[in-house]
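Working notes for the structure below.
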Amino acid sequence: MERQSLLVLSLLRLAVVAVSALCLLLSLAPAGLAPAALPMPDLVTLVLLGWMIRRPEAVPLPLLLAVSLGAELLRGAPLGIGTLCLLAAAELMDRLRGWLGRNGFLAEWLLAALIVTAMSLMQCLALWISFGPLPPAMAVLSYTALTAALYPAVLFIQRLVLPLHAPPLVEVGF
């Protein structure tokens with residue numbers, strides 16, 4: 001039985017990496033010759049957030065670090081800011097696991113939206129501190145809103161093929 005559960009856990013971790021890689025390729029693929037009207041949402045972050053909330057055992061910290069840093073490196077995003085936010089989010093979700101399980105999907109979506117917003121603000125802050133060129137405010141706002149709005153769709157598509165169930169009902173020990 002223990003061997004079977006280890007195999008399932010390994011397959012879940014492989015699924016996280018595979019889905020994240022697929023989303024990264026999708027976001028890096030050229031969509032056309034004209035510049036996009038809307039910035040591409042951060043699908044990798046949405047995949048990681050969904051797994052961190054619903055199946056946290058499938059996303060250990062080394063895997064989270066590798067996938068997140070790899071995505072930032074390939075996208076040219078400020079290196080480490082998004083990863084740091086995801087690490088903080090993983091700890092926050094660990095503490096809020098029971099609350100998320102009791103309050104349903106809207107609470108989960110709100111938490112994901114708040115994390116995406118915090119990540120965008122932290123990246124802008126890092127660019128401001130390092131005297132880097134800041135992106136236009138409307139671009140950041142539309143990127144954040146689009147990324148947060150796509151969370152249910154990304155979760156739904158993953159649930160069609162992978163065992164991504166609702167957050168467990170566990171008591172929170174503050």
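If F131 passes every condition in (1) at pLDDT below 95; (2) under 29 Å from R54 (Cβ atoms) but one, which one does it miss?
(2) is the only condition that F131 fails.
Since R95 meets every condition but one in (1) crowded, with 17+ Cβ neighbours inside 10 Å; (2) farther than 17 Å from L155 by Cα, which condition does it not meet?
(1)
Residues in the stretch 58-99 that are closer than 26 Å to S5 by Cα and of a type in the set (D, E, K, R): how many?
4
Tell me the residue from V67, V59, V116 that is touching a Lys or Arg at 6+ places or on another chain (Cβ under 9 Å) and either at pLDDT below 90 or crowded, with 17+ Cβ neighbours inside 10 Å (or both), please.
V59
Looking only at the stretch 42-77, how many residues end up being free of Cβ contacts under 8 Å to residues at least 40 places away in the same chain and in a loop (DSSP other than H, G, I, E, B)?
1
Suppose we keep only residues that are small (G, A, S) and loosely packed, with under 15 Cβ neighbours inside 10 Å within the stretch 125-146. Which one would you say is farthest from P39 (Cα to Cα)?
S130
As an exercise: evaluate T83 against (1) touching a residue at least 40 places away in the same chain (Cβ under 8 Å); (2) surrounded by 15 or more Cβ atoms within 10 Å (Cβ to Cβ) and give the number of the one condition it does not meet.
(1)
The values are calculated or read from the model by the stated rules, or taken from the named source; none is laboratory data. What you are looking at is a predicted structure, and each value in this text was computed from that prediction instead of being measured. Don't worry about glycine lacking a Cβ; one is built from the backbone with ideal geometry, like all the others, and counts go over all protein chains shown.
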